[in-house]
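A short write-up of the structure that comes next.
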Amino acid sequence: MHSKDLKKPDGRNLTLYSNQPIPEGLVAPSPFAEPQHANPHLRWHPLRGEWVTYAAFRQNRTYQPPPQYNPLAPTRDPEHPTEMPAGDYEIAVFDNRFPSLALESHDPPTVTVPTAPANGHCEVVVFTQSPDRGLAHLPLSRISLLLAVWGDRTVRIGGQPHIHYVLPFENRGAEVGVTLHHPHGQIYSYPFVPAVPARMLAQEREYFLQHGTSLLCDMARDEAADGKRVLYQDEHAIAFVPACARYPYEVWVMPTAPCKDFAALSPPQRDGLARALKTVLLKFENLWNRPFPYLMAWYQAPTDGAEHPETQLHCQFYPPYRTRDRLKYLAGTELAAGMFAMDVLPETTAYELQQVEVDLEDAE
């Protein structure tokens, strides 16, 4: 993997990545000349025991611009720069202009609950220079490179002493609130372990102490042995609809052997994970022969300096549709009680996805 670090005119960082050497002379553009001076802050939620971040300036962020004003497309006219330079590279990562977390956050307001600076970091990850080639239709080499990029960002940002958790994710489709349709994801790096991964880590830790093995690796082994919900499996990776799915088309993707984070992936694991991921994405696309919206979240070990042998790198997909034309809205029992209610068995949706044929090579 090759990379090149650049600085935008407004002070934000841009890193370019490629499987091939990146040419010299590339300049980092920005639609903005001056720094944002973002100063988000945290407020403690006493009843839920978790932090909420506040960044009022995000109300004015770019929202579904027309194609000719795509800020994630390469710059064609230097007089009207985008976030991306023209040139020969594959993936770009830059500091979010409208962050919910910012390393330089300071002086939170005094209110009736505890507050703190939102000293985290938010990055945008642009998967491709093409505005209409989603992750499913990128070559396996690009997806494998993306996994390596996530590993590099985890090491770089997670290596800072006050960053305790790095979460890469992709929101795809207007149904999940996407504001820019150019294929991209984000990375949030938190000064604490957020509530959802913290709860999962607690379960993994308890299981590891009782059994001496990884909860998720054992779940993957059991799913592979059962076979009813498996969508992809090779020597290094597996994808399946979990028996405990909370969304009708929920899918998990992970290495089959213990691996705590992206940086710990071996090259064969990375390539297997890329094939598993692309298989799932193509099955989603081909299920109803149209773009398939989802939230893709990647969970890994905290970056707090501990070993974390209990945890396993894995991805969870949360698609918003429950049928071809019906969205799954979170209702009273989900939002108020936190208990999900499913109208379809995981075995049924897994069977649907199993019947969708994909060709990983032709899709490139």
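Just so it is clear, none of the values below were taken in a lab; they were calculated from the coordinates. Just so we're clear, the structure is a prediction, and the values are computed from it rather than from any experiment. Glycine gets a Cβ as well: all are built from the backbone with ideal geometry, and neighbour counts include every protein chain shown.
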Candidates per GluC sites (Glu not before Pro) in the range 250-318, loop by DSSP, up to 11 other Cβ within 10 Å
Glu307
Summing -39500 (n - 2.57) over every DSSP H run of at least 4 in the chain, dividing by its residue total and rounding to the nearest 500, the 222 nm mean residue ellipticity is -7000 deg cm²/dmol
Is the shape of the range 241-295 rounded, prolate or oblate, going by the alpha carbon gyration tensor and its root eigenvalues a ≥ b ≥ c, with a/c under 1.5 for rounded and a/b larger than b/c for prolate?
oblate
In the range 193-240, GluC sites (Glu not before Pro) in a DSSP loop with at most 14 other beta-carbon atoms within 10 Å
Glu235
What does the charge count around Arg229 come to, taking other residues whose C-beta lies under 9 Å from its C-beta (Lys +1, Arg +1, Asp -1, Glu -1)?
-2
So, R0 is 41 Å and r is the distance between the beta-carbons of His2 and Arg326; what FRET efficiency does that work out to, to 0.05?
0.35
So what are the radius of gyration and Dmax for the Cα set of the range 1-135, in Å?
17.3, 54
Length-normalised contact order of the range 221-364, Cα under 8 Å, at least 6 apart, in percent, tallies to 31
Fully extended contour minus Cα-Cα distance, from Glu175 to Ala225, at 0.36 nm per residue
14.5 nm
What percentages make up the Cα-Cα pair-distance distribution of the chain when the bins are 10 Å wide from 0?
5, 23, 33, 27, 11, 1, 0
Coordinate range along principal axes, alpha carbons of the range 150-206, Å, largest first:
38, 26, 17
May I ask you to list the chymotrypsin sites (Phe, Trp or Tyr not before Pro) in the range 261-352 that are in a DSSP loop and have at most 11 other Cβ atoms within 10 Å of their Cβ?
Tyr329
In the chain, how many lysine pairs have Cα atoms under 26 Å apart, counting only pairs 8 or more places apart or on different chains?
6
Mind jotting down the distance between the C-alpha centroids of the range 74-104 and the range 279-305, whole Å?
24
